[in-house]
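Below is one structure, written out as structure tokens; comments come after it.
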Amino acid sequence: MPIVVRIDVLLAERRMGVGEFAEKVGLTPANVAVLKNGRAKAVRFSTLESICRVLDCQPGDLLHWVDEDAEVVS
């Protein structure tokens, strides 16, 4: 999937655990895992807003697009 969700990076930077994050955002830890592992097919704007509020970030800090067609140079 070309969209990478960087919640794990932002949680580490803020020294926040998944349980605490899930509680503050209003998600279950299982749904946080779905987001972190890139298995989510969609995210509600209200959820995205809550995530950004809790992590004090912008949506672009959470989501990163990766060009799957780009050549890998070694």
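Is it the case that segment 25-38 has a residue that's under 19 Å from Val4 (Cα atoms), polar (S, T, N, Q) and part of a helix (DSSP H, G or I)?
Taking every residue of segment 25-38 in turn, at least one turns out to be under 19 Å from Val4 (Cα atoms), polar (S, T, N, Q) and part of a helix (DSSP H, G or I).
On the basis of being among the charged types (D, E, K, R), in contact with a Lys or Arg (Cβ under 8 Å, 6 or more places away or on another chain) and in contact (Cβ under 8 Å) with a residue 24 or more places away in the chain, does Asp67 make the cut?
For Asp67, the condition - among the charged types (D, E, K, R), in contact with a Lys or Arg (Cβ under 8 Å, 6 or more places away or on another chain) and in contact (Cβ under 8 Å) with a residue 24 or more places away in the chain - is not met.
Of all residues being in a loop (DSSP other than H, G, I, E, B) and among the basic types (Lys, Arg) in segment 1-24, which is surrounded by the fewest Cβ atoms within 10 Å (Cβ to Cβ)? Just the residue, please.
Restricting to residues being in a loop (DSSP other than H, G, I, E, B) and among the basic types (Lys, Arg), the top hit is Arg15.
Taking segment 46-59 on its own, how many of its residues are free of Cβ contacts under 8 Å to residues at least 24 places away in the same chain and either surrounded by 12 or more Cβ atoms within 10 Å (Cβ to Cβ) or among the β-branched types (Val, Ile, Thr) (or both)?
Number satisfying all stated conditions: 5.
Going by what's in this entry, would Val54 be described as at pLDDT 95 or above and in contact with a Lys or Arg (Cβ under 6 Å, 6 or more places away or on another chain)?
Answer is yes for this residue.
Take the residues in segment 17-45 that are in contact (Cβ under 8 Å) with a residue 24 or more places away in the chain, of a type in the set (A, V, I, L, M, F, W, C) and out of contact with any strand residue (DSSP E or B) (no Cβ under 9 Å at 6 or more places or on another chain), then tell me which one is nearest to Asp69 (Cα to Cα).
Restricting to residues being in contact (Cβ under 8 Å) with a residue 24 or more places away in the chain, of a type in the set (A, V, I, L, M, F, W, C) and out of contact with any strand residue (DSSP E or B) (no Cβ under 9 Å at 6 or more places or on another chain), the top hit is Val32.
The values are calculated or read from the model by the stated rules, or taken from the named source; none is laboratory data. Bear in mind the structure is a predicted one, so any value in this text is a computation, not a measurement. Neighbour counts run over all protein chains shown; Cβ positions are idealised from the backbone, glycine included.
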